[in-house]
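A.B. asks: Once you've had a glance at the structure underneath, I'll fire off some questions.
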Amino acid sequence: MARSLLWLFFRFDGRIGREVYWLANFGVVAVLAFLLQPDVHPQTGDVTFHNPTLASFALIVGMVCSIAIGVKRLHDFNATGAFAAILLVPVLSIFATIAFGVVRGTGGRNRFGEAPNLPPR
């Protein structure tokens, strides 16, 4: 199981379906929320973190995970993973995340591997 999770979050090969894509994204957000523990000042709206060093590291790892998940999802509908760079553009990333999650994948084998949700051999 640990090997599958490492593949899902840190490797850029293979394919994943829509369900795994959404669950993985929600998992990344949940872990980041737990690690970051942001405080929002009620009057000014300023955001601070309990541990800024951990927050910086967690955000970088979270970005890598999001891109890896996005690349695998793009592979599922036979698109190159380079399009995952759009996830780094703040406003466009919202629309890209939704689009990646609703576009139906290629049925059966495609140039990126077998059916989704399995690490490549």
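Quick note: the coordinates plus some simple rules give every number you see, no bench work behind them. Bear in mind the structure is a predicted one, so any value in this text is a computation, not a measurement. Virtual Cβ from ideal backbone geometry, glycine too; neighbours counted across all protein chains shown.
A.B. asks: Cβ contacts < 6 Å: first residue over 13 Å from ALA79 (Cα atoms), restricted to the range 97-116; second residue part of a loop (DSSP other than H, G, I, E, B) and among the basic types (Lys, Arg), any location; separation 6+ or different chain. Result?
C.D. replies: That search, which allows pairs on different chains as well, returns PRO116/ARG15.
A.B. asks: Okay, next question. Sort out which residues of the range 11-22 are surrounded by 13 or more Cβ atoms within 10 Å (Cβ to Cβ) and assigned to a helix (DSSP H, G or I), and write them in order of number.
C.D. replies: ARG18, VAL20, TYR21, TRP22
A.B. asks: Run down THR48, THR53, THR97, THR44 and say which single residue is touching a Pro at 6+ places or on another chain (Cβ under 9 Å) and of a type in the set (Val, Ile, Thr).
C.D. replies: Every option except THR48 fails the conditions.
A.B. asks: Shifting gears a bit: Tally time: how many residues in the range 109-121 are over 17 Å from the mean Cα position of the chain (by Cα) and either outside any loop (DSSP other than H, G, I, E, B) or surrounded by 12 or more Cβ atoms within 10 Å (Cβ to Cβ) (or both)?
C.D. replies: 6
A.B. asks: Tally time: how many residues in the range 34-48 are surrounded by 11 or more Cβ atoms within 10 Å (Cβ to Cβ) and within 16 Å of GLY62 (Cα to Cα)?
C.D. replies: Counting residues in the range 34-48 that are surrounded by 11 or more Cβ atoms within 10 Å (Cβ to Cβ) and within 16 Å of GLY62 (Cα to Cα) gives 4.
A.B. asks: Among the numbered criteria (1) closer than 28 Å to PRO119 by Cβ; (2) among the small types (Gly, Ala, Ser); (3) surrounded by 16 or more Cβ atoms within 10 Å (Cβ to Cβ), which single criterion is violated by GLY101?
C.D. replies: (3)
A.B. asks: Continuing with this model, one more query. Can you list residue pairs whose Cβ atoms sit under 8 Å apart, with the first residue in the range 16-45 being within 25 Å of PHE95 (Cα to Cα) and the second being crowded, with 17+ Cβ neighbours inside 10 Å and β-branched (Val, Ile, Thr)? Count only pairs 6 or more apart in sequence or on different chains.
C.D. replies: Cβ pairs passing all conditions: ILE16/ILE69; TYR21/ILE69; ALA24/ILE16; ALA24/ILE69; ASN25/ILE69; ASN25/THR97; VAL28/ILE69.
A.B. asks: Taking THR106 and the conditions (1) assigned to a helix (DSSP H, G or I); (2) among the polar types (S, T, N, Q); (3) within 22 Å of ASP13 (Cα to Cα), which numbered condition does it fall short on, given that it satisfies the others?
C.D. replies: (1)
A.B. asks: Let me ask something else. Among the residues of the range 80-101, is any within 17 Å of the chain's Cα centre (by Cα) and part of a loop (DSSP other than H, G, I, E, B)?
C.D. replies: yes
A.B. asks: TRP7 - would you say it is buried (at least 16 other Cβ atoms within 10 Å of the Cβ), out of contact with any helix residue (DSSP H, G or I) (no Cβ under 6 Å at 6 or more places or on another chain) and either free of Cβ contacts under 8 Å to residues at least 40 places away in the same chain or not in a loop (DSSP other than H, G, I, E, B) (or both)?
C.D. replies: Answer is yes for this residue.
A.B. asks: Further, regarding this structure: Identify the residue in the range 52-79 that is without any contact (Cβ under 8 Å) to a residue 12 or more places away in the chain, aliphatic (A, V, I, L, M) and in a helix (DSSP H, G or I) and, among all such residues, is surrounded by the fewest Cβ atoms within 10 Å (Cβ to Cβ).
C.D. replies: Once the filter is applied, the top-ranked residue is ILE60.
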